[in-house]
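The values are calculated or read from the model by the stated rules, or taken from the named source; none is laboratory data. Every value quoted in this text rests on a predicted model; they were computed, and no experiment measured them. Note that we place each Cβ from the backbone using ideal geometry, even for glycine, and neighbour counts take in every protein chain shown. Note: accessible area is taken over every heavy atom of the protein model, side chains too, but ligands, DNA and RNA are not part of it. Shrake-Rupley method; radii C 1.70, N 1.55, O 1.52, S 1.80 Å.
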Amino acid sequence: MSPRTEPFVVMLKLFGSRCNMRCSYCYYLSNRMSNGKEMDYDLLETVIRNYFSSSRGPVVSFVFHGGEPTVGGIDFYRKAVELEKKYLPEGFQCWNNLQTNGLEIDDEWCRFLKENNFDVGVSIDGIMEDHDFYRRDSNGHPTFERIRDNIALMGSYGIKPDILCTVNDRTVKDPLKIYSYLRDLDTGWIQFIPVVNLRDGLPKKGSITAEEYGRFLCEIFNEWVHKDFDRVGVQLFMETLNVYSGGEPTLCWLSRECGKAPVIEADGRVYSCDHFVDQDHLIGDVSEEPLSDIMEKPFQKDFGRNKRLGLSSKCHECRYLKVCNGGCPKDRVIPNGKTEPVYYLCEGLKQFFEASSKPLRYLSYLMKRGYGKKEAMRLLNERE
């Protein structure tokens with residue numbers, strides 16, 4: 001076995017699709033490939049040893065996901081940290097990220113996450129009315145207040161989680177109200193994740209249109225860039241700024257190619273991507289072969305390249321192609337009367353790029369010349 005040349009992140013689902021919530025728009029809860037299994041300690045050790053020996057480093061990254069990754073209890077994560085220390089090659093660093101709905105977080109979890117330097121992402125859909133409409137627990141009870149209180153609890157331990165908010169058919173209607181509430185949680189980072197669940201190319205309940213998405217992004221961007229640039233990171237805005245500053249996109253759905261974040265299910269089977277956990281995208285089993293070999297299989301390489309090779313002529317002609325690279329393949333559709341796939345949210349993203357290009361390029365110009373964020377924001381406001 002030889003380590004893979006390109007770095008990759010492992011999304012690990014210790015408990016498959018098990019979850020203590022029943023979010024109406026969830027695309028994963030009923031996934032048959034997950035089948036509700038729980039990873040045992042022997043397989044967990046195999047995963048960690050396999051991944052570490054398959055990576056060239058110097059950073060190896062686990063994203064603990066689900067379902068809900070806290071439902072099996074904290075001991076799995078204590079064991080994971082113990083095994084990481086056992087197998088981590090000299091000179092490597094291990095980065096752990098817990099993506100949680102926040103319901104199970106308590107003082108014990110907070111102490112563990114803080115002591116072991118976990119990054120944390122917590123899902124909360126803006127204000128109470130919108131959040132509780134879709135995000136109920138497994139008994140049908142609202143969850144907003146419990147999650148809000150647990151975010152505050154994490155803050156008391158010095159943990160500032162990334163806030164993950166879906167842009168669905170409710171939250172999309174009042175962008176500034178949603179943004180203002182999340183900003184005032186004072187965690188410093190917000191991700192807005194569009195809900196796109198399609199059937200035969202048409203959006204199902206909970207999904208948004210491209211036009212709604214564009215308006216949502218533009219209203220928040222105008223508030224953020226003039227008032228909050230120096231204190232809040234909004235993921236898409238910061239990614240776009242990074243590209244205008246000469247960097248490469250770090251988000252898989254904005255990158256030229258994908259396929260660098262495989263999913264390992266609780267039974268050890270490996271799939272191409274979190275959005276493609278199905279029989280057609282089953283690429284291996286960590287109990288049977290090295291992850292480096294699995295990631296180098298022609299199918300997985302083609303899966304990653306097809307994001308770029310499957311672009312439409314419309315994408316190739318777009319001035320913003322370098323920024324979005326055609327969006328996520330899961331959201332590409334073929335409109336009626338057309339022969340080429342297009343990104344479902346294309347027009348909304350283009351609306352955002354057109355509104356944000358000049359101010360972000362100016363901020364990039366200022367920061368390259370040594371201005372801090374606060375001063376750069378002041379100069380932008382004076383200029384405009």
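A simple spin-label model places pseudo-atoms 7 Å from Cα toward Cβ; at residue 357 and residue 382 they are separated by 2.7 nm. In nm, to one decimal, how far is the modelled label at residue 313 from the one at residue 248, with both set 7 Å along Cα→Cβ? Going by the 7 Å Cα→Cβ label model, 3.0 nm.
Ranking 119, 274 by solvent-accessible area of protein heavy atoms (1.4 Å probe, all protein chains present), from largest to smallest, gives 119, 274.
Listed by chain and number, the aspartates and glutamates placed with their C-alpha closer than 17 angstrom to that of residue 338 are 200, 317, 347; residues fewer than eight positions away on the same chain are left out. When all protein chains stay in place and ligands, DNA and RNA are ignored, the 1.4 Å accessible-area order of 115, 296, largest first, is 115, 296.
Ranked by solvent-accessible area (1.4 Å probe, protein heavy atoms only, all chains present), the residues 308, 231 order from largest to smallest as 231, 308. Note on residue 85: lysines with a C-alpha under 28 Å away, same-chain residues under 8 apart excluded, are 13, 37, 114, 160, 260.
Residues in segment 304-384 average 58 Å² of solvent-accessible surface per residue, probe 1.4 Å, ligands and nucleic acids excluded. Solvent-accessible area of residue 56, all protein chains in place: 130 Å² (probe radius 1.4 Å, heavy atoms, ligands and nucleic acids excluded). Length gained on full extension, residue 209 to residue 177: 9.6 nm, using 0.36 nm per residue less the C-alpha separation. Just going by the charge dipole of segment 287-384, with Lys and Arg at +1 and Asp and Glu at -1 on Cβ, which of 344, 323, 309 is farthest out on the positive end? The residue sitting most towards the positive pole is 323. When a 1.4 Å probe is rolled over the protein heavy atoms, the share of accessible surface on segment 1-138 that falls to carbon and sulfur comes to 46 percent.
Gain on full extension, evaluated as 0.36 nm per residue between residue 256 and residue 95 minus their Cα-Cα distance, stands at 55.6 nm. Helices in the chain, meaning DSSP H runs of at least 4 residues, each add -39500 (n - 2.57). Divided by all residues, the mean residue ellipticity at 222 nm is -12000 deg cm²/dmol. What FRET efficiency comes out for residue 293 versus residue 199 if R0 is 35 angstrom and r is the Cβ-Cβ distance? Round to the nearest 0.05. Taking R0 as 35 Å, the efficiency between residue 293 and residue 199 is 0.45. Here the gap between residue 139 and residue 49, fully extended at 0.36 nm per residue and compared with their Cα-Cα distance, gives a gain of 28.6 nm.
Extending 7 Å from the Cα toward the beta-carbon at both residue 106 and residue 222 defines two label points whose distance is 4.7 nm.
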